[in-house]
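To start, the structure itself, in structure tokens.
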Amino acid sequence: MAFSLDTNCGLLNHNIIGPIYCTSTIFPPDILITQFWFNYRHVANTLSVYRSVKRLGIPDSHIVLMLADDMACNYRNPKPATVFSHKNMEFNVYGDDVEVDYRGYEVTVENFLTPRSKRLLSDDRSNILIYLTGQTGNSHGGNGFLKFQDSEEISNMELADAFEQMWQKRRYNELLFIIDTCQGASMYERFYSPNLMALASSQVGEDSLSHQPDLAIGVHLMDKYTFYLLEFLEEVHPASQANMNDLVSVCAHRVSVSPGHHTDLFQRNPGSVLITDFFGSVRKVEITKDTINLTSSVKSGSGDMQIESLTYVDQLPVAEIIHQKPKQKDWHPPDGFILGLWTLILLVFFQTYGIKHLKHIF
Amino acid sequence: SRGAEGAAAPPVFTWLSDGTKDSESFTAAARDQFQEELVIRPLHSGDIYASFQFRTLWDTDFLQERQKVSHYRLFPKSLGQVLSKFSVRELHISFTQGFWRTMQWGQPFIPSPPGAELWVWFHDTVSDVDGNWKELTNVLSGIFCASLNFIDLTNTVQPSASFKPLGLGNATDHRFLRYATLPREIVCTENLTPWKKLLPCGSKAGLSVLLKSEKLFHSSFHSQAVHIRPVCQDEQCTSKAWELRQTLNVVFDLYTSGQGKKEWSLFKMFSRTLTEACPLATSSKVYVDITDNPEVKLKQQTVVLGDRRTYSVFDLTRAEMFGQLRSLNLLLRDMLRPLLHAERYVAGFGLQTGEIHTVIYNNHPYRAFPVLLMDSVPWYLQLYIHTLTVTSKSRDNKPSYIHYQPAKDRHRPHLLEMLIQLPPHSMTEVTVQFERALLKWTEYTPDPNHGFYVGSSVVSALVPSMVAMNTNFTQDQPLFSSFVPVKEESSYFVRVYTEPLLVNLPTPDFSMPYNVICLTCTVVAVGYGSFYNLLTRTFQVDEPSLPLAKRLANLIRRIRGVPLLA
């Protein structure tokens, strides 16, 4: 029986840089809602990366955040509207300014790969960061796929194809894919589009570990890989010169499983790629000394004022309601069945009693 | 008496824009104004009820075809564009976490059901109301970061008598009304953030600095709503203006949040204090309900919800208000029982049938009044309307108006509206039996064992008022008493929502496809495999192999050239 899997995936398309996060909580069908709370750390993972990215300058309009479950306002949360990433409730990653685009049942494979609404418009100059976190692959095997809400799954091939489609449509310039799950490296094995770099928290056959439990909240707060990733990102500021090699090496020695990275498809040398290329954004501001004339506002309205006195509608017009005429149904000619039935009755009548009764009719 | 808070402030003039020489562009008086208000009311059970109302009035016409509105000042642009694009006449949307306990807390100023509720009146020029409704829900779900895109035809109804427009208007053809609720919708910071961004001062100045999510969501009840409707601009009502009201109602339970004692302050409730009024507001006031403590100064009396209550008013636009310590020790006397109150529950056992019971209480000692009960039940609870019974005081009570629209599987929910006369001081019970449907396996949510929600029933009534209501429309009226237009003095309109229901549907075992495939493959493999073997296997006599010693002996014999052993 499959157990609870949590998939967080984020897709961020930004004109310059953008991460996308999406989280989906999966839980087996016959286990009740208690399993939601179990996956607190995946939401904390996603929100911490979201927070770092917003801090480094990317606006909400360029972030798609998908959270499959509500942890902050969950009734089990001892401190509502907060999600903590460090124990002793030091660091609230939920904050006051979060905008979740897809939540709850909206987090599906379809909305992840081809969103119909709330999508971001990226072009061939966009750098995209995709951050997925959750659990994939269990002890029964099954690497190479990520489950969404326990009712559907996305395979590494589908993901690779989606990225290839994006490349064909010129929807990205460079793409960084980070995944924090068990057997995470299996998800990027099949990538074949150019300009893709992928980082994973564990190799195939290895499990990703969670980091710190908190006794008040009662669950683990973060995963190890994302914890160190967050620590690293906290030191990055918008003008930082840290590059990808720093990012790759930050998690290598401190965690017990070995994170993987896949940079073959990337055209530039990872050492020359700045972290802020993906995680932050710098807006270009043009200062001009010209004067701009603003046109006047709408001048209408004074000419066509209603002369008659307007009234409010009666909220409960009892007399009107009681005497409301039922909707007039359109008249239809009688159905074939009714016609046939009546013909039969008439025929039997005249059969039995003879034709002379016809004169009573006509 | 009323001089304390001052008369209505003169309209705010817009500033002249730099660099333009066109003198007639911006010197006209601005036609929009903004008012904000906070009402604090201690409740009988020891909780504190705080109600924020932010109102923007704008004299413009969104539905003009000739010229699109393009200059937005106080009115948020996202909502203005929504109104003009979808030809919306009235829009009411609310997000609520928690359930309003009428018996312990009395009547709220603005009622709302748990979850999300959206009802919209479209303009009668709209040709495809359903298409507009679908697009409108998608746009609103993006604006408010909520899953409103789950509103579709399977949970939308067109009430025929409830939800009359709260704004100006004549025609009330209910084909242009759409109503939907999502009882399961969660409200959290991500819904509050865009709501705050719609305010002219954002969350930087005025009363909205108090809106911090950590405190607001740590409460017994939290409801935020947006109401847009056309209203009268002045007393003669010759022209109309658009009114946007953003309301936020919250009930704090000061006992469980560790306070213990019955004293409260703004800092204890919101962990913030007020520092200044919003500079764009023409009036910014805090009302504290001191009906039970008549000794306090700065009083104003207002009739609200059929009751004359006394308020202490603090006008924030006056600079001397800040910096003074005000402590009000408030005693609470016994609360009057609310006159109208409703409950709903599911009775029955098993996963096949059940009964929905709606109980409506009329606590008025001698007056009977009619109520309109509206029930919207999803299609997978198949109602048997022939079992509908309405009893008051154990006698049959025939409704004077029933409108029932049966459900269509996967297309339309049930809609039942009834006008029932409630006898004085009585309990009326409405029961209807239903059967639970078995859904297709793809229609189940990822957590089907949680249950399926049925939206709250809505009870609308004109409750007789003990005190004469004020039918005049004035600008000076506080916002919380002027939400519902009052037509007659002897009664006030009230809407009561019941609890939503959580119903279990018969749920299949979703691991069965896996089990069936395993079992079938095993049977096929074993059965077919054996059968194939039987048909195609040929038997040959096989020489038994010799033991090792004899094999060695044979080897030596071969070398020697001697005949081998058998």
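If you scan the range B:138-163, which residues turn out to be β-branched (Val, Ile, Thr) and either more than 10 Å from chain A (Cβ to nearest Cβ) or touching a residue at least 60 places away in the same chain (Cβ under 8 Å) (or both)?
Passing the criteria: B:Ile143, B:Ile151, B:Thr154, B:Thr156, B:Val157.
Just name the residue that is surrounded by the most Cβ atoms within 10 Å (Cβ to Cβ) out of those in the range B:442-482 that are at pLDDT below 85 and among the aromatic types (Phe, Trp, Tyr).
In this case the residue turns out to be B:Phe480.
With outside any loop (DSSP other than H, G, I, E, B), modelled with pLDDT of 80 or more and over 23 Å from A:His62 (Cβ atoms) as the only criterion, which of A:Glu153, A:Glu158 stands out?
A:Glu158 is the lone residue from the list that is outside any loop (DSSP other than H, G, I, E, B), modelled with pLDDT of 80 or more and over 23 Å from A:His62 (Cβ atoms).
Take the range A:82-106 and flag every residue that is within 15 Å of A:Thr46 (Cα to Cα), more than 8 Å from chain B (Cβ to nearest Cβ) and aliphatic (A, V, I, L, M).
A:Val83, A:Val93
Looking at the range B:223-242, which of its residues are more than 9 Å from every other protein chain (Cβ to nearest Cβ) and at pLDDT 90 or above?
Scanning the range B:223-242 gives B:Ser223, B:Gln224, B:Ala225, B:Val226, B:His227, B:Ile228, B:Arg229, B:Trp242.
Give the number of residues within the range A:54-76 that are more than 12 Å from chain B (Cβ to nearest Cβ), surrounded by fewer than 19 Cβ atoms within 10 Å (Cβ to Cβ) and of a type outside the set (D, E, K, R).
2
Go through the range B:164-192 and report how many residues are surrounded by fewer than 22 Cβ atoms within 10 Å (Cβ to Cβ), in contact with a helix residue (DSSP H, G or I) (Cβ under 8 Å, 6 or more places away or on another chain) and at the interface with another protein chain (Cβ under 7 Å from one of its Cβ atoms).
Qualifying residue count for the region: 1.
Would you be able to tell me the number of residues in the range B:508-557 that are under 60 Å from the mean Cα position of the chain (by Cα) and either at pLDDT below 90 or exposed (fewer than 10 other Cβ atoms within 10 Å of the Cβ) (or both)?
7
Within the range B:332-345, is there a residue that is in contact with an Asp or Glu (Cβ under 9 Å, 6 or more places away or on another chain), over 27 Å from B:Ser490 (Cα atoms) and at pLDDT 90 or above?
Yes; the residues of the range B:332-345 include at least one that is in contact with an Asp or Glu (Cβ under 9 Å, 6 or more places away or on another chain), over 27 Å from B:Ser490 (Cα atoms) and at pLDDT 90 or above.
Please tell me if B:Leu216 is over 18 Å from B:Gln477 (Cα atoms), away from chain A (no Cβ under 12 Å), modelled with pLDDT of 80 or more and in contact with a strand residue (DSSP E or B) (Cβ under 8 Å, 6 or more places away or on another chain).
Taking the combined requirement at face value, the residue does not satisfy it.
Confirm whether B:Trp133 is without any contact (Cβ under 8 Å) to a residue 60 or more places away in the chain and either part of a helix (DSSP H, G or I) or in the same structural domain as B:Glu443 (by the TED database) (or both).
So B:Trp133 passes the test.
Report the residue count in the range B:63-83 for those that are within 13 Å of chain A (Cβ to nearest Cβ), surrounded by fewer than 20 Cβ atoms within 10 Å (Cβ to Cβ) and at pLDDT 90 or above.
Qualifying residue count for the region: 1.
Return the only residue of B:Arg308, B:Arg245 being surrounded by fewer than 19 Cβ atoms within 10 Å (Cβ to Cβ), modelled with pLDDT of 65 or more, under 31 Å from the mean Cα position of the chain (by Cα) and among the basic types (Lys, Arg).
B:Arg308
Would you tally the residues in the range A:107-116 being within 12 Å of another protein chain (Cβ to nearest Cβ) and of a type in the set (Val, Ile, Thr)?
Result for the range A:107-116: 2.
Residues of the range A:73-104 being in contact (Cβ under 8 Å) with a residue 40 or more places away in the chain and in a strand (DSSP E or B), which ones?
A:Phe84, A:Tyr102
Is it the case, given these coordinates, that B:Phe369 is among the hydrophobic types (A, V, I, L, M, F, W, C), more than 20 Å from B:Tyr179 (Cβ to Cβ) and buried (at least 19 other Cβ atoms within 10 Å of the Cβ)?
Taking the combined requirement at face value, the residue satisfies it.
Can you tell me which residue among A:Thr46, A:Thr7, A:Thr25 is closer than 18 Å to A:Ala200 by Cα, modelled with pLDDT under 50 and outside any loop (DSSP other than H, G, I, E, B)?
Result: A:Thr7 is the single residue among A:Thr46, A:Thr7, A:Thr25 that is closer than 18 Å to A:Ala200 by Cα, modelled with pLDDT under 50 and outside any loop (DSSP other than H, G, I, E, B).
The values are calculated or read from the model by the stated rules, or taken from the named source; none is laboratory data. Quick caveat: nothing in here was measured; it's all calculated off a predicted structure. Every residue, glycine as well, gets a Cβ built from its backbone with ideal geometry; the counts of neighbours run over all protein chains shown.
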